[in-house]
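Visitor: Starting off with a structure, shown below.
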Amino acid sequence: MDGAMIARVVRSAITRVSTGIADQEEPTPPRVAMVVDVSDANFIGGFIPAIVEKQKHPYSRPEFLYFTEEETALSADQSVRPVICPKQPDKMPLYAGYAEVVNAGKTVENEDQACAKVLSLMQQGSEAEEAAEVGNSRSQTTDRRPSDEDALMGIELESSTDESANGQCRAEAVLFGIYDGHAGSGAALMAAKCLHEHVKSRLSEVLEALLQLDRQESYVLARRRSESAYSITGSEGSNPGSLPRITSESLVIGALEAAFVDMDEQIAEEKQHWKIPGGCATICVLVILGKIYVANAGDCRAILATAGETRPMSGDHTPATERKRLQAMAFRHPELIGASFSRLEYSRCLAKKDLRRKVLYRDWFMDGWASKTVRETDLRPPMISDRLRKKRLLHTIGVSRGLGDHHLLTADDKLAIKPFLSPVPEVQVLAIRSLLSVTSLDVVIVASDGLWDVLTNEDAARIVRSALSSSDEADPSRYTQAAQELVAAARGNPGDHYRWTMNVGGPASTDDITAFVIPLKHALAPLQNGDDEDDDLLSLDS
């Protein structure tokens with residue numbers, strides 16, 4: 001297809017015309033609008049010249065699949081929708097399972113992207129220089145003078161045992177990411193190629209402090225288990241109320257939050273020189289120092305699935321879940337919606353006949369509902385519409401956080417969507433050793449919304465648990481097999497009229513589907529390839 005036909009559009013929710021409402025007795029019949037990336041504006045008549053045409057990252061599938069161009073083309077067969085898995089599952093970090101499926105025709109390409117990276121961390125910046133000096137003078141002193149950055153953190157750094165020969169702190173982490181693209185695959189491709197580098201850089205900047213705090217916290221935790229009277233807050237009395245409490249978790253969370261914003265800014269900057277259409281919902285799972293951090297911005301999802309429980313490890317960011325934040329934006333900056341939308345949410349759809357009648361509504365500061373008299377301005381479409389199954393912002397987009405989308409406008413009113421979309425993730429933490437036990441059946445499942453649209457958290461956990469229970473415990477590909485069965489269940493089977501049906505009945509997902517199955521056992525104590533597997537239960541009490 002030529003470039004004009006590949007221009008990305010996202011079909012919006014059904015909308016009412018925002019003008020001429022006063023002459024209507026009933027709401028306008030719904031119609032379809034579009035979200036338009038103005039960098040592809042030549043597709044709709046060129047209201048902004050399309051200057052940048054070259055893509056920095058041409059379309060591809062995740063690096064760890066090791067696909068040829070021919071295999072990439074075969075994976076995009078939308079009539080068959082093959083379930084794609086890594087060729088070498090034993091080479092995946094932590095033996096994590098992975099599978100993906102292309103959509104049933106919504107877009108030409110699979111707009112989901114993914115990454116799985118081992119991050120080799122080394123202290124950067126002034127802290128690295130100080131660490132090197134400490135290493136060189138180790139025979140002369142056993143301590144060093146705290147730096148200004150140490151004072152700002154409110155901690156006292158000691159000599160690190162995680163050091164190389166030149167005295168620099170080192171550590172390893174593993175990052176898994178899913179990037180669910182919309183309005184084009186450009187932002188998702190770029191995030192898959194670059195976000196892990198931002199995470200690595202941010203973690204490396206605080207690595208020495210992170211390692212020292214982790215050791216201190218582990219020591220205190222061990223003491224607490226043996227001496228119930230020991231308290232970690234004892235040091236606060238010597239410095240009452242002067243500085244906030246800094247923990248190792250807070251440093252990792254801050255690194256992830258900053259890395260997401262860094263990535264979003266990089267997309268905005270490079271979009272001036274390269275063709276990077278669209279945006280992406282983003283979820284990352286970082287495994288470091290015996291803990292799992294799930295950073296989510298969008299409607300991808302992660303869950304913890306163990307023998308004893310299934311619980312969410314992320315929350316969906318949609319116009320429905322973030323109504324108050326979005327309405328507050330419109331309240332503080334009314335120009336963002338102009339005269340095209342009302343920021344209020346109403347208990348029913350309003351028409352001219354409702355003027356001067358009472359209606360229940362909610363505003364940005366409200367959890368409950370209140371009553372008001374309907375005015376002309378209330379007849380405007382609400383900024384968060386619910387005409388379709390999925391609530392949408394400005395009748396167009398179904399997510400409220402993510403990366404990219406810097407040039408997206410509503411086609412009808414030319415309203416910018418980006419001001420409402422936050423790149424900042426919400427981060428949840430799982431300390432693996434806080435669990436009573438860990439077995440080879442205990443996993444974190446991460447997937448794009450194409451899976452969660454048709455499977456509940458419990459459904460996904462049950463499918464994975466069943467697949468793992470029937471697999472060979474010595475097979476390093478067992479988690480990939482579980483991911484394959486999970487994705488296949490959400491895809492279903494082809495039926496009549498290009499519809500896909502689940503094995504248990506009902507419509508299957510026609511969206512792109514991507515999933516990781518990450519074993520907790522290997523996240524706690526990663527095995528090297530070739531090491532003997534021991535799938536007995538690991539007791540974490542000691």
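The values are calculated or read from the model by the stated rules, or taken from the named source; none is laboratory data. Since we're looking at a predicted model, the values are computed, not measured. Glycine also receives a Cβ, built like all others from the backbone with ideal geometry; neighbour counts cover every protein chain displayed. What goes into the accessible areas is simple: the full protein's heavy atoms, side chains included, and nothing from ligands, DNA or RNA. Shrake-Rupley method; radii C 1.70, N 1.55, O 1.52, S 1.80 Å.
Visitor: Test of understanding: among I267, I292, which residue is open to solvent by less than 10 Å² (accessible area, probe 1.4 Å), more than 30 Å from I417 (Cβ to Cβ), touching a residue at least 60 places away in the same chain (Cβ under 8 Å) and in contact with a strand residue (DSSP E or B) (Cβ under 7 Å, 6 or more places away or on another chain)? Steps first, answer last, please.
Guide: Values: I267 fails: more than 30 Å from I417 (Cβ to Cβ).
On inspection, the qualifying residue turns out to be I292.
Visitor: Looking only at the range 463-476, count every residue that is open to solvent by 20 Å² or more (accessible area, probe 1.4 Å) and in contact (Cβ under 8 Å) with a residue 24 or more places away in the chain and tell me the total.
Guide: 6
Visitor: Here is a further query. If you scan the range 221-235, which residues turn out to be modelled with pLDDT of 70 or more and either under 21 Å from C169 (Cβ atoms) or touching a helix residue (DSSP H, G or I) at 6+ places or on another chain (Cβ under 8 Å) (or both)?
Guide: Narrowing the range 221-235 to residues modelled with pLDDT of 70 or more: 221-224.
R224 - this is the single residue of the range 221-235 that is modelled with pLDDT of 70 or more and either under 21 Å from C169 (Cβ atoms) or touching a helix residue (DSSP H, G or I) at 6+ places or on another chain (Cβ under 8 Å) (or both).
Visitor: Take the conditions of a type in the set (K, R) and modelled with pLDDT of 95 or more and apply them to R245. Does it pass?
Guide: Working: of a type in the set (K, R): yes; modelled with pLDDT of 95 or more: no.
No, not satisfied.
Visitor: From the list A482, A489, A460, which one is open to solvent by 10 Å² or more (accessible area, probe 1.4 Å) and either touching an Asp or Glu at 6+ places or on another chain (Cβ under 8 Å) or outside any loop (DSSP other than H, G, I, E, B) (or both)?
Guide: Working: A482 fails: open to solvent by 10 Å² or more (accessible area, probe 1.4 Å); A460 fails: open to solvent by 10 Å² or more (accessible area, probe 1.4 Å).
Selected residue: A489, the only one of A482, A489, A460 that is open to solvent by 10 Å² or more (accessible area, probe 1.4 Å) and either touching an Asp or Glu at 6+ places or on another chain (Cβ under 8 Å) or outside any loop (DSSP other than H, G, I, E, B) (or both).
Visitor: Also, quick follow-up: In the list L415, L360, which residue meets the criterion of being farther than 30 Å from A474 by Cα and crowded, with 17+ Cβ neighbours inside 10 Å?
Guide: On the way: L360 fails: crowded, with 17+ Cβ neighbours inside 10 Å.
Being farther than 30 Å from A474 by Cα and crowded, with 17+ Cβ neighbours inside 10 Å holds for just one of L415, L360, which is L415.
Visitor: Further, regarding this structure: Answer yes or no: is there a residue in the range 286-302 that is of a type in the set (D, E) and more than 25 Å from the chain's Cα centre (by Cα). Working first, answer last.
Guide: Just the residues of the range 286-302 that are of a type in the set (D, E), to begin with: 299.
Next, only the ones that are more than 25 Å from the chain's Cα centre (by Cα) stay: none.
Checked against the condition, which is being of a type in the set (D, E) and more than 25 Å from the chain's Cα centre (by Cα), the range 286-302 yields no hits at all.
Visitor: When you scan the range 211-220, do you find a residue that is in contact with a strand residue (DSSP E or B) (Cβ under 8 Å, 6 or more places away or on another chain), at pLDDT 90 or above and open to solvent by less than 70 Å² (accessible area, probe 1.4 Å), even just one? Can you show your working first?
Guide: Applying the first criterion (in contact with a strand residue (DSSP E or B) (Cβ under 8 Å, 6 or more places away or on another chain)) to the range 211-220 yields 211.
Restricting the remaining residues to those that are at pLDDT 90 or above gives 211.
Okay, now just the ones that are also open to solvent by less than 70 Å² (accessible area, probe 1.4 Å), so 211.
Among the residues of the range 211-220, at least one is in contact with a strand residue (DSSP E or B) (Cβ under 8 Å, 6 or more places away or on another chain), at pLDDT 90 or above and open to solvent by less than 70 Å² (accessible area, probe 1.4 Å), which makes the answer yes.
Visitor: Within the set of pairs 6 or more residues apart or between chains, which connect a residue that is closer than 18 Å to A116 by Cβ and in contact (Cβ under 8 Å) with a residue 40 or more places away in the chain inside the range 62-74 to a residue that is open to solvent by less than 70 Å² (accessible area, probe 1.4 Å) and of a type in the set (G, A, S) with Cβ atoms less than 6 Å apart?
Guide: P62/A114; F64/A116
Visitor: Within the range 366-376, can one find any residue that is touching a residue at least 12 places away in the same chain (Cβ under 8 Å), in contact with a Phe, Trp or Tyr (Cβ under 7 Å, 6 or more places away or on another chain) and buried (at least 22 other Cβ atoms within 10 Å of the Cβ)?
Guide: no
Visitor: Going through the range 515-525 one residue at a time, which ones are buried (at least 19 other Cβ atoms within 10 Å of the Cβ) and either touching a Pro at 6+ places or on another chain (Cβ under 6 Å) or not in a strand (DSSP E or B) (or both)? Explain how you work it out, then say what you get.
Guide: Step one: list which residues in the range 515-525 are buried (at least 19 other Cβ atoms within 10 Å of the Cβ), which gives 515-524.
Listed by number, the residues that qualify are L520, K521, H522, A523, L524.
Visitor: Identify, by number, the condition in (1) buried (at least 24 other Cβ atoms within 10 Å of the Cβ); (2) farther than 19 Å from D316 by Cβ; (3) not charged (D, E, K, R) that V399 doesn't meet.
Guide: Looking at each condition in turn, V399 falls short on (2).
Visitor: For the range 17-124, please list each of the strands (runs of 3 or more DSSP E) lying entirely inside it that holds at least 1 residues being modelled with pLDDT under 90.
Guide: Values: elements: 31-37, 97-101, 112-122.
Of the strands (runs of 3 or more DSSP E) lying wholly inside the range 17-124, those with at least 1 residues that are modelled with pLDDT under 90 span 31-37.
Visitor: Kindly check whether there is at least one residue in the range 505-514 that is open to solvent by 20 Å² or more (accessible area, probe 1.4 Å), touching a Leu at 6+ places or on another chain (Cβ under 9 Å) and either in a loop (DSSP other than H, G, I, E, B) or free of Cβ contacts under 8 Å to residues at least 12 places away in the same chain (or both). Steps first, please.
Guide: Filtering the range 505-514 down to residues open to solvent by 20 Å² or more (accessible area, probe 1.4 Å) leaves 505-507, 510-511.
Filter once more, so that each one left must be touching a Leu at 6+ places or on another chain (Cβ under 9 Å): 511.
After this cut, where a residue has to be either in a loop (DSSP other than H, G, I, E, B) or free of Cβ contacts under 8 Å to residues at least 12 places away in the same chain (or both) as well, the list is 511.
So far as the range 505-514 goes, yes, one or more of its residues are open to solvent by 20 Å² or more (accessible area, probe 1.4 Å), touching a Leu at 6+ places or on another chain (Cβ under 9 Å) and either in a loop (DSSP other than H, G, I, E, B) or free of Cβ contacts under 8 Å to residues at least 12 places away in the same chain (or both).
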